[in-house]
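Undergrad: Questions regarding the structure given below will be posed in turn.
The values are calculated or read from the model by the stated rules, or taken from the named source; none is laboratory data. In this text, all values refer to a predicted model and were calculated from it rather than measured experimentally. Glycine also receives a Cβ, built like all others from the backbone with ideal geometry; neighbour counts cover every protein chain displayed.
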Amino acid sequence: MRVLFTVSECVPFAKSGGLADVTGSLPNALKENGLDVRVVMPLYKIISDKYDAILSFVGHINVNVGWRNQYCGVYTTKLNNIDYYFIDNKYYFDREGFYGHFDDGERFAYFSTACIEFIRLIDFKPDIIHCHDWHTGMIPFLLKYKYRYDELYQDFRSIFTIHNLQYQGVFSKECLKDFFDLGEEYFSSHLLEFNGCISYMKAGIVSADQITTVSPTYRNEIQYEFFGENLDGLLRDKSYKLSGILNGIDTKIYNPSDDKLLKYNYDMSTIEKKVLNKKDLQQELGLPINSHIPIIAMITRLTCQKGIELVQHILHEVLQEDVQFILLGSGDSEYESYFRYMEMNFKNKVRAYIGFNEELAHKIYAGSDIFVMPSLFEPCGLAQMIALRYGTIPIVRETGGLNDSVCSYNELTDEGNGFTFHNYNAHELLFTIKRAFRYYYDKDIWRRIMSNAMDSDFSWYCSAKQYKSLYEQVRTLV
Ligand code: GLC
């Protein structure tokens, strides 16, 4: 079976968040299951700058964006056995950053149409087009309504995966004609209309043959008003074609026993070497070197979704204890300033690295004791899975994929790979951190929790099989 991933970001070429990790690692897992998976994405400036030497030109076509007629070059490369295609148009993509431009609606309208049209140019006719998030939400819609009489596309089936319902790609009503040359008849509440505008996310939901989201819990949550971002009614309506498949992580990249970015590799049988990584981390960040002090870490985008405000409420109190706190991330300036301020005031206890640094991230996963993710909502979350793999114990709120991957420690049965709390409440987080501290000082129990954590399996093995059977099911739809 042939599957084409249409994505706005993908590791190693372009990454702004977890979406890129997933679109970067899932194709390989599917390939191992015998599927022919290829990926198409925009040729952003950073990709042409960095990968120019390995890209080869396939050809070019012209693509209509409403009344505009735009150039569309196609480049390709093979990496780790996967074929990648890149859509080249300097006007739309030769810029810094991937999103947040004034004309994102037009850029991704172009990309969506280009993803359909460029198939004429290549010798690969997919059975399934697998689209990810709002940037590619118009593809299933265009296939269903604009290209349905084009013979080439008759047998294509589509899957739309929601990685984060909060970002929806909502643009003014006029875009329908201006970018897609579609008439008013598509501006109806059961198709594209959303609060008087059009929504690319909604387009994907209404028209894809199947919708998936990235964890079973999030699949259920988004059908409620609180998580539904004003699309909960529609999602309830479409629940017959909505499933939740938990993401995996790339267990080769995130492997404490073979991680080149660490000074000391370890697994459960050599777990004492984790402490060496801890000292290394303390030294690198200029914190007091002491293996007994618990290190709490966060690696995160600094946005409201991530529950940063809960941390703000209680961090002072946590810092009363003998503890060190490390943050790595960037995002809203209010949160960035807050963590800088805390570092300034607690020089011996807090480090805030504002930005991103892959090497430091690995060192933090390996060198910390506790990993905090108190998200308000979390479609899947990958950081908690990585932390678990490195024997760093997660404290998470029971939402989305956090709920599906972390199971709270139970002292009666000795089961559990982390600590969880239920309500979006700062003191519940504080009590859970204090509960974790209690066990941290009981070395036997902590070792058992670490062992449970490192035994948890978050490879793509099971999830890739679920995608495969979904593809098979969708392929037979008439
Ligand atoms: C988004 C979600 C995150 C998920 C990732 C990959 O970034 O916020 O929870 O893990 O997509 O699916």
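Undergrad: Quick one: in region 437-461, which of the residues that are more than 17 Å from Ile296 (Cα to Cα), in a helix (DSSP H, G or I) and in contact (Cβ under 8 Å) with a residue 24 or more places away in the chain is nearest to the chain's Cα centre (by Cα)?
TA: Out of the qualifying residues, it is Tyr461.
Quick grid of which residues meet (1) touching a helix residue (DSSP H, G or I) at 6+ places or on another chain (Cβ under 8 Å); (2) part of a strand (DSSP E or B):
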position: Thr113; (1), (2): yes, no
position: Ile116; (1), (2): yes, no
position: Ile122; (1), (2): no, no
position: Phe141; (1), (2): yes, no
position: Lys144; (1), (2): yes, no
position: Asp155; (1), (2): no, no
position: Thr161; (1), (2): no, yes
position: His190; (1), (2): yes, no
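Undergrad: From the residues in region 163-188 that are in a loop (DSSP other than H, G, I, E, B), more than 16 Å from the ligand (Cβ to nearest atom) and among the hydrophobic types (A, V, I, L, M, F, W, C), which one is surrounded by the fewest Cβ atoms within 10 Å (Cβ to Cβ)?
TA: Ranking the candidates gives Phe187 first.
Undergrad: Out of (1) out of contact with any strand residue (DSSP E or B) (no Cβ under 9 Å at 6 or more places or on another chain); (2) crowded, with 21+ Cβ neighbours inside 10 Å; (3) aliphatic (A, V, I, L, M), the odd one out for Leu412 is which?
TA: (2)
Undergrad: Something else about it: For region 197-214, how many residues meet the condition of being part of a strand (DSSP E or B) and more than 16 Å from the ligand (Cβ to nearest atom)? Outline the logic, then answer.
TA: In the first step, residues of region 197-214 are kept if they are part of a strand (DSSP E or B); the result is 197-199, 210-213.
If we keep only those that are more than 16 Å from the ligand (Cβ to nearest atom) too, we end up with 197-199, 210.
The total comes to 4.
Undergrad: Looking at Ile314, Ile295, Ile299, Ile271, can you tell me which residue is within 16 Å of the ligand (Cβ to nearest atom) and among the aliphatic types (A, V, I, L, M)?
TA: Of the residues listed, the single one that is within 16 Å of the ligand (Cβ to nearest atom) and among the aliphatic types (A, V, I, L, M) is Ile299.
Undergrad: Any residue at all in region 329-337 that's buried (at least 24 other Cβ atoms within 10 Å of the Cβ) and either touching a residue at least 12 places away in the same chain (Cβ under 8 Å) or not hydrophobic (A, V, I, L, M, F, W, C) (or both)?
TA: Initially, region 329-337 is screened for residues buried (at least 24 other Cβ atoms within 10 Å of the Cβ), giving 335.
Cutting the leftovers down to either touching a residue at least 12 places away in the same chain (Cβ under 8 Å) or not hydrophobic (A, V, I, L, M, F, W, C) (or both) gives us 335.
Taking every residue of region 329-337 in turn, at least one turns out to be buried (at least 24 other Cβ atoms within 10 Å of the Cβ) and either touching a residue at least 12 places away in the same chain (Cβ under 8 Å) or not hydrophobic (A, V, I, L, M, F, W, C) (or both).
Undergrad: Between residues in region 293-312 that are not assigned by TED's automatic domain parsing to the domain that holds Gly17 and residues that are assigned to a strand (DSSP E or B) and among the hydroxyl-bearing types (Ser, Thr, Tyr), which pairs lie under 8 Å by C-beta distance while being six or more apart or on different chains?
TA: The qualifying pairs are Arg301/Ser330; Leu302/Ser330; Lys306/Thr300; Ile308/Thr300.
Undergrad: Quickly run through region 18-27 and pick out the residues that are in contact with a His (Cβ under 8 Å, 6 or more places away or on another chain) and either aliphatic (A, V, I, L, M) or more than 9 Å from the ligand (Cβ to nearest atom) (or both). Spell out the reasoning first.
TA: Our first condition is that a residue be in contact with a His (Cβ under 8 Å, 6 or more places away or on another chain); within region 18-27, this holds for 18-19, 22-23.
Passing the criteria: Leu19, Val22.
Undergrad: Now a separate question. Say we look at region 116-131 and pick out the residues that are charged (D, E, K, R) and out of contact with any Leu (no Cβ under 8 Å at 6 or more places or on another chain); which of these is nearest to Val3 (Cα to Cα)?
TA: In the first step, residues of region 116-131 are kept if they are charged (D, E, K, R); the result is 117, 120, 123, 125, 127.
Add one more test, that the residue is out of contact with any Leu (no Cβ under 8 Å at 6 or more places or on another chain), and what stays is 117, 123, 127.
Working: Glu117: 16, Asp123: 13, Asp127: 6 Å.
The extreme case among them is Asp127.
Undergrad: Out of (1) part of a helix (DSSP H, G or I); (2) surrounded by fewer than 17 Cβ atoms within 10 Å (Cβ to Cβ); (3) charged (D, E, K, R), what's the single condition that is false for Lys468?
TA: Failed condition: (2).
Undergrad: Among the residues in region 194-211, are any surrounded by fewer than 17 Cβ atoms within 10 Å (Cβ to Cβ), outside the structural domain of Leu402 (by TED's automatic domain parsing) and under 30 Å from Arg68 (Cα atoms)?
TA: From region 194-211, those surrounded by fewer than 17 Cβ atoms within 10 Å (Cβ to Cβ) are 195-196; that's our starting set.
Subset that is outside the structural domain of Leu402 (by TED's automatic domain parsing): 195-196.
Within this subset, residues satisfying the condition of being under 30 Å from Arg68 (Cα atoms) are 195-196.
So far as region 194-211 goes, yes, one or more of its residues are surrounded by fewer than 17 Cβ atoms within 10 Å (Cβ to Cβ), outside the structural domain of Leu402 (by TED's automatic domain parsing) and under 30 Å from Arg68 (Cα atoms).
Undergrad: Quickly run through region 215-255 and pick out the residues that are within 13 Å of the ligand (Cβ to nearest atom), of a type outside the set (A, V, I, L, M, F, W, C) and assigned to a loop (DSSP other than H, G, I, E, B). Write out each step before concluding.
TA: Pass one, region 215-255, residues within 13 Å of the ligand (Cβ to nearest atom): 215, 217-219, 221-222, 227, 229, 244-250.
From what's left, of a type outside the set (A, V, I, L, M, F, W, C): 215, 217-219, 221, 229, 244, 247-248, 250.
Passing the criteria: Ser215, Glu229, Asn247, Gly248, Asp250.
Undergrad: Separate question: Sort through Ile299, Ile308, Ile293, Ile271 and tell me the only one that's farther than 18 Å from Ile395 by Cβ, modelled with pLDDT of 95 or more and either of a type in the set (A, V, I, L, M, F, W, C) or in contact with a Leu (Cβ under 7 Å, 6 or more places away or on another chain) (or both).
TA: Working: Ile299 fails: farther than 18 Å from Ile395 by Cβ; Ile308 fails: farther than 18 Å from Ile395 by Cβ; Ile293 fails: farther than 18 Å from Ile395 by Cβ.
Result of the check over Ile299, Ile308, Ile293, Ile271: Ile271.
Undergrad: Taking region 256-294, which residues are part of a helix (DSSP H, G or I), over 28 Å from the mean Cα position of the chain (by Cα) and over 24 Å from Phe458 (Cα atoms)? Show your work before the answer.
TA: In the first step, residues of region 256-294 are kept if they are part of a helix (DSSP H, G or I); the result is 268-285.
If we keep only those that are over 28 Å from the mean Cα position of the chain (by Cα) too, we end up with 269-273, 275-276, 279-280, 282-284.
Across region 256-294, the qualifying residues are Leu276, Lys279, Asp280, Gln282, Gln283, Glu284.
Undergrad: Here's something else I'd like to know. Take His130 and tell me if it is at pLDDT 95 or above, within 16 Å of the ligand (Cβ to nearest atom) and over 19 Å from Phe180 (Cα atoms). Before the answer, list the steps.
TA: Details: at pLDDT 95 or above: yes; within 16 Å of the ligand (Cβ to nearest atom): yes; over 19 Å from Phe180 (Cα atoms): yes.
Yes, satisfied.
Undergrad: Output yes when any residue across region 287-309 is out of contact with any strand residue (DSSP E or B) (no Cβ under 6 Å at 6 or more places or on another chain), surrounded by 17 or more Cβ atoms within 10 Å (Cβ to Cβ) and at positive phi, and no when none is.
TA: Scanning region 287-309, I find at least one residue that is out of contact with any strand residue (DSSP E or B) (no Cβ under 6 Å at 6 or more places or on another chain), surrounded by 17 or more Cβ atoms within 10 Å (Cβ to Cβ) and at positive phi, so the answer is yes.
Listed here are the residues, each with its yes/no results for (1) among the aliphatic types (A, V, I, L, M); (2) more than 30 Å from Leu182 (Cα to Cα); (3) within 16 Å of the ligand (Cβ to nearest atom); (4) at pLDDT below 95.
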residue	(1), (2), (3), (4)
Met1	yes, yes, no, no
Ser16	no, yes, yes, yes
Leu30	yes, yes, yes, no
Ile46	yes, yes, no, no
Val63	yes, no, no, no
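Undergrad: Sticking with this one: Output the residues belonging to region 411-427 that are in contact with a Pro (Cβ under 9 Å, 6 or more places away or on another chain) and either outside any strand (DSSP E or B) or modelled with pLDDT under 95 (or both). Explain how you work it out, then say what you get.
TA: Initially, region 411-427 is screened for residues in contact with a Pro (Cβ under 9 Å, 6 or more places away or on another chain), giving 417-421, 424, 426.
Asn417, Tyr424, Ala426, listed by residue number.
Undergrad: Sticking with this one: Being more than 22 Å from His132 (Cα to Cα) and surrounded by 16 or more Cβ atoms within 10 Å (Cβ to Cβ) is the filter here, so list the residues in region 42-57 that pass it.
TA: To start, the set of residues in region 42-57 that are more than 22 Å from His132 (Cα to Cα) comprises 48-57.
If the condition is that a residue be more than 22 Å from His132 (Cα to Cα) and surrounded by 16 or more Cβ atoms within 10 Å (Cβ to Cβ), then Ser48, Tyr51, Leu55 are the ones that fit.
Undergrad: Related question: Return the residue satisfying two criteria in turn: it lies in region 395-409 and is surrounded by 23 or more Cβ atoms within 10 Å (Cβ to Cβ) and part of a loop (DSSP other than H, G, I, E, B), and of such residues it is nearest to the ligand (Cβ to nearest atom). First the steps, then the outcome.
TA: Our first condition is that a residue be surrounded by 23 or more Cβ atoms within 10 Å (Cβ to Cβ); within region 395-409, this holds for 395-397, 399-402, 405-406, 409.
Now drop any that are not part of a loop (DSSP other than H, G, I, E, B), which leaves 399, 406, 409.
Details: Thr399: 10, Val406: 13, Tyr409: 23 Å.
The residue in question is Thr399.
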